[in-house]
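The values are calculated or read from the model by the stated rules, or taken from the named source; none is laboratory data. The structure presented is a predicted model; accordingly, all values stated were derived computationally and were not measured. Heads up, the Cβs are rebuilt from the backbone with ideal geometry, glycines too, and the neighbour counts pull from every protein chain shown. Surface accessibility is based on the protein's heavy atoms, side chains included, excluding ligands, DNA and RNA. Shrake-Rupley method; radii C 1.70, N 1.55, O 1.52, S 1.80 Å.
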Amino acid sequence: MTETWTLPDKIRELVKRGVSIPNPLWVDIGDEVPLEGFAPRGVVLYGGTKIYGSRTVVAEGARLGYEGPVTVENCQIGPSVELRGGFFRESVFLRGVVLGSGAQVREGCLLEEEVRGGHGVGLKQTILFPYVTLGSLINFCDCLMAGGTGRKNHSEVGSSYIHFNFTPNEDKATPSLIGDVPRGVMVNQPPIFLGGQGGIVGPLRIGFGTVVAAGVVCRTDCPEGGVILRDTRTAGKSVTFHPGFYGDIRRRVLNNLFFVANLIALREWYRHVRRPFLDKGPLGEALYAGALEKLGTALAERIGRLGELSGKMERSITVARTAGRGGGKNRALLLRQESEFQRFWPEIRQVLEQAGADGGHVRERELFLEKFRKACRESEEYLDGVRSLDGESLRLGTLWLQNVVARIVRDAVSWMPSFKVETGGAAARET
């Protein structure tokens with residue numbers, strides 16, 4: 001007796017609309033997935049593809065599951081994206097992103113144009129700017145990475161790389177800023193190279209043009225154009241671990257504040273610059289909404305983790321006093337910093353949550369946008385538009401975003417006078 005298989009109505013309708021499904025019996029589309037979320041042409045769903053979530057959209061030219069089974073849940077997938085195998089949840093992939101088999105991209109990720117990744121890439125709460133390339137077997141959660149100018153000149157993360165984002169004191173206030181937003185969005189900065197079989201211990205800030213050699217675990221911030229050729233741990237030194245003790249928190253807190261401020265600057269960039277380009281396609285509105293949602297998720301995550309860190313200061317202060325820990329001559333200062341961070345966290349949180357509501361630095365923003373609109377009249381694609389900007393336009397745009405970052409950090413740190421940070425007007429920097 002021959003068994004007859006009946007295709008689900010959704011699969012039949014997608015095929016009728018022009019979606020290519022070579023093995024339709026091996027594809028599962030959830031009942032909640034809207035058919036209008038699929039572009040009417042150019043989409044390919046290979047066998048083993050499972051798509052769920054009412055907010056999932058798949059734009060023209062996207063190809064899912066070429067190398068292995070793919071599960072997609074509430075993702076916004078842009079044009080010509082290839083998710084070749086793995087699990088993808090609550091994330092956005094803009095034009096031309098390609099990820100190999102075995103990827104696991106969890107919530108809060110935003111991968112911009114032509115990001116590349118090999119097999120076995122793990123991401124969560126990660127933002128990658130155009131052209132950033134990841135090797136294989138990578139764990140790169142809680143990062144923002146920029147740098148590079150094109151497909152042949154891009155920031156690179158070597159294979160078997162780890163961003164260490166969980167501390168022995170069980171906190172994740174550990175985001176690392178690799179490059180920055182105000183200059184990174186201009187796609188004109190030197191690339192950053194993180195060599196394979198290495199790692200960075202968050203929270204770090206790494207400048208454009210930095211090279212970290214293969215096999216190195218980097219634990220210190222690195223300035224522009226820096227080169228790190230060896231492990232930055234103190235060789236041969238054993239340090240007693242006191243659970244709950246933090247000691248000098250200044251760099252940790254400041255790096256978190258700079259990360260949050262850069263996220264807010266990126267949100268302003270999307271609202272005022274990115275939106276017209278994303279809205280052009282038939283599913284562009286959903287891509288734009290998804291990107292803003294992911295930035296909001298990232299901000300909530302980072303502010304929440306920083307708040308959890310502030311809640312651990314009481315125990316750290318107690319340990320410092322009872323165990324005799326606390327930085328020698330600087331002990332009083334370190335304890336004061338921890339106390340200020342804990343005491344004034346509600347006010348600091350309010351600064352971060354309310355920042356950017358009006359865009360900030362309206363004059364610089366409007367001067368830049370006027371030049372940007374004139375330069376981009378002939379540009380259909382976002383990256384072409386950015387590349388069409390002249391030097392003065394690039395300077396104005398960077399100044400606008402740098403001032404947004406500087407203001408946020410300055411306002412937050414004003415509640416903690418013992419931190420003594422100077423934002424320096426246009427470019428946020430420490431003394």
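Here are a few things to note about the model shown:
- At least 20 Å along the helix axis (C-alpha) and Kyte average at least -1.0, DSSP helices within the chain: 250-269, 284-311, 391-413
- Three semi-axes describe the equivalent ellipsoid of the range 185-227; taken as square roots of 5 times the Cα gyration tensor eigenvalues and ordered largest first, they are 18, 12, 9 Å.
- Look at the Cα gyration tensor of the range 152-201: its axes a ≥ b ≥ c give a/c of at least 1.5 with a/b at or below b/c, and that counts as oblate.
- Carbon plus sulfur fraction of accessible area for the chain, probe 1.4 Å, in percent: 50 percent
- For the chain, the spread of Cα coordinates along the three principal axes comes to 84, 57, 40 Å, biggest extent given first.
- In terms of its alpha-carbon gyration tensor, the range 106-231 comes out rounded; the largest-to-smallest axis ratio a/c stays below the 1.5 threshold.
- Prolate is the label for the range 25-156, because the ratio a/c of its alpha-carbon gyration tensor axes (a ≥ b ≥ c) is 1.5 or higher and a/b is greater than b/c.
- Projecting the Cα atoms of V273, P168, I11 onto the dipole axis of the chain, where Lys and Arg carry +1 and Asp and Glu carry -1 at the beta carbon, places P168 farthest toward the positive end.
- Residue ranges 306-318, 371-383 sort as 306-318, 371-383 when ordered by packing (mean number of other C-beta atoms within 10 Å per residue, highest first).
- Each other residue within a Cβ distance under 12 Å of E314 adds +1 if Lys or Arg and -1 if Asp or Glu, for a net charge of +3.
- Beta bridges by DSSP in the chain, antiparallel share as percent, to the nearest 5: 5 percent
- Protection proxy ranking of 61-70, 342-351, by the mean of other Cβ atoms within 10 Å over each peptide's residues and highest first, is 61-70, 342-351.
- Dipole of the chain, positive end: most advanced residue of N153, V212, A39 [Cβ charges, Cα centre]: V212
- In this Cβ point-charge picture (+1 for Lys and Arg, -1 for Asp and Glu), the chain has a dipole of about 1320 debye about its Cα centre.
- Entries of K10/K50; K172/K420; K50/K280 with Cα pairs more than 21 Å apart: K172/K420; K50/K280
- Estimated 222 nm signal from helices in the chain, with DSSP H stretches of n ≥ 4 weighted -39500 (n - 2.57), rounded to 500: -10500 deg cm²/dmol
- A straight line joining the Cα centroids of the range 70-146 and the range 328-349 runs 38 Å.
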